[in-house]
Every structure is written in C-alpha cells, then in structure tokens.
Amino acid sequence: MPKINFEEDQLLEHFVHQMIVDKGLVEEDRKQNGKIQHGLMEALDEAIEKAMIAALPDAKLRELNELLDRDASDEEIGALFDGAGVNFEIIAGRTMVAFREAYLGKKDSTMTNTVNNNAATQAPAGQPVQGTTSEVRGESDVEGVAHVGEEE
C-alpha cells in the first residue's frame, strides 16, 4: 500500500476525532476517548486498504497476489500501487465519506457533495467507476465496481 505520511495521518486523526464529536461520544475520560479513536482509526485504515485493493485493475491485482506470495518488501508493493494508474486519493476520499456516513448512521450531504462535485470522480453513464460499490444491480465481472447511470 502507499505509505501514509505524517500529515495524512494527522488528517485522518482529525477526521476520526470529528466523527466522534459529531456522534456525541466525547467522554470526559481521556482513556476511553483514546480507545474509541484508536478503534475507529484501525477500522478506517482497513476500509481504505480494502478499497484500494478493490480499485486495482485485474492485472495489477494478480501482480499484488504474486508479490504477497513471495513476501515482497513494502517498497515493491508501494511501487505496484504507484504504477497502477488509479487515483487513490479519490478512492480514499470516497471511502472516508462512506465510513463517516455509516458511523453517523446518516447521509452527510456536505461531505458527499464535496466528493461528488470533484470532476475527477465523475464517469460517463454506464461506465465502471473503480473502487465503488453499488446497491443497484449492474453487470460487472469485477467485485467492487459499480456502473454509473444504469437502470435495473
């Protein structure tokens, strides 16, 4: 996986802290707040990693499996992701929005609109969008790929 740098890590910590505040779970006990924050950070990190793997093209996914089978270094795995031709910032952003919505139990239209208004996240109708899932049935032979604008 591409490494998360210090600034990105701080951003994720702030993001998770704000989710906790928005949920109304800020405790007077700092230790309990730390446990909540730590658990959410781990779950968010896992969700982002899964989304990044799901966004890989089939050929890169096979390469990743080969690298993992031979216990490749973090640098080799990072290079595979860097050369995958996928905008992982968009994937991470979408995953964070979905994670927040699931945690808060509602759609957060402000965050969703921010991500959806990014022109780079748009795809022509009927085209697959990597790293997304859909509750609308569509035809896709790749798990984790949704088709935008298709009718049932």
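The values are calculated or read from the model by the stated rules, or taken from the named source; none is laboratory data. Remember, it's a predicted structure, so these values are computed and weren't measured experimentally. In this analysis, Cβ positions are derived from the backbone assuming ideal geometry, glycine residues included, and neighbour counts consider all displayed protein chains.
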### Task
Might you check whether a residue that is closer than 29 Å to Gly85 by Cβ, exposed (fewer than 12 other Cβ atoms within 10 Å of the Cβ) and at pLDDT below 95 occurs anywhere in segment 32-40?
no
### Criterion: part of a helix (DSSP H, G or I), over 27 Å from Gln18 (Cα atoms) and either at pLDDT 50 or above or under 16 Å from the mean Cα position of the chain (by Cα) (or both) - qualifying residue of Glu101, Glu143, Glu76, Glu89
Glu76
### Query
Can you tell which of Leu80, Leu56, Leu44 is surrounded by 15 or more Cβ atoms within 10 Å (Cβ to Cβ) and in contact with a Phe, Trp or Tyr (Cβ under 7 Å, 6 or more places away or on another chain)?
Leu44
### Task
Considering each residue of segment 35-73, count those that are under 26 Å from Phe15 (Cα atoms) and either β-branched (Val, Ile, Thr) or within 20 Å of the chain's Cα centre (by Cα) (or both), and give that number.
21
### Count of segment 38-73 residues which are closer than 23 Å to Phe99 by Cβ and either in a loop (DSSP other than H, G, I, E, B) or in contact with a Gly (Cβ under 8 Å, 6 or more places away or on another chain) (or both)
5
### Message
Take the residues in segment 83-93 that are free of Cβ contacts under 8 Å to residues at least 60 places away in the same chain and surrounded by 14 or more Cβ atoms within 10 Å (Cβ to Cβ); name whichever of them is farthest from Leu12 (Cα to Cα).
### Response
Ala84
### Message
Within segment 28-37, does at least one residue satisfy the condition of being under 19 Å from Leu104 (Cβ atoms), of a type in the set (A, V, I, L, M, F, W, C) and either assigned to a loop (DSSP other than H, G, I, E, B) or not assigned by TED's automatic domain parsing to the domain that holds Thr95 (or both)?
### Response
no
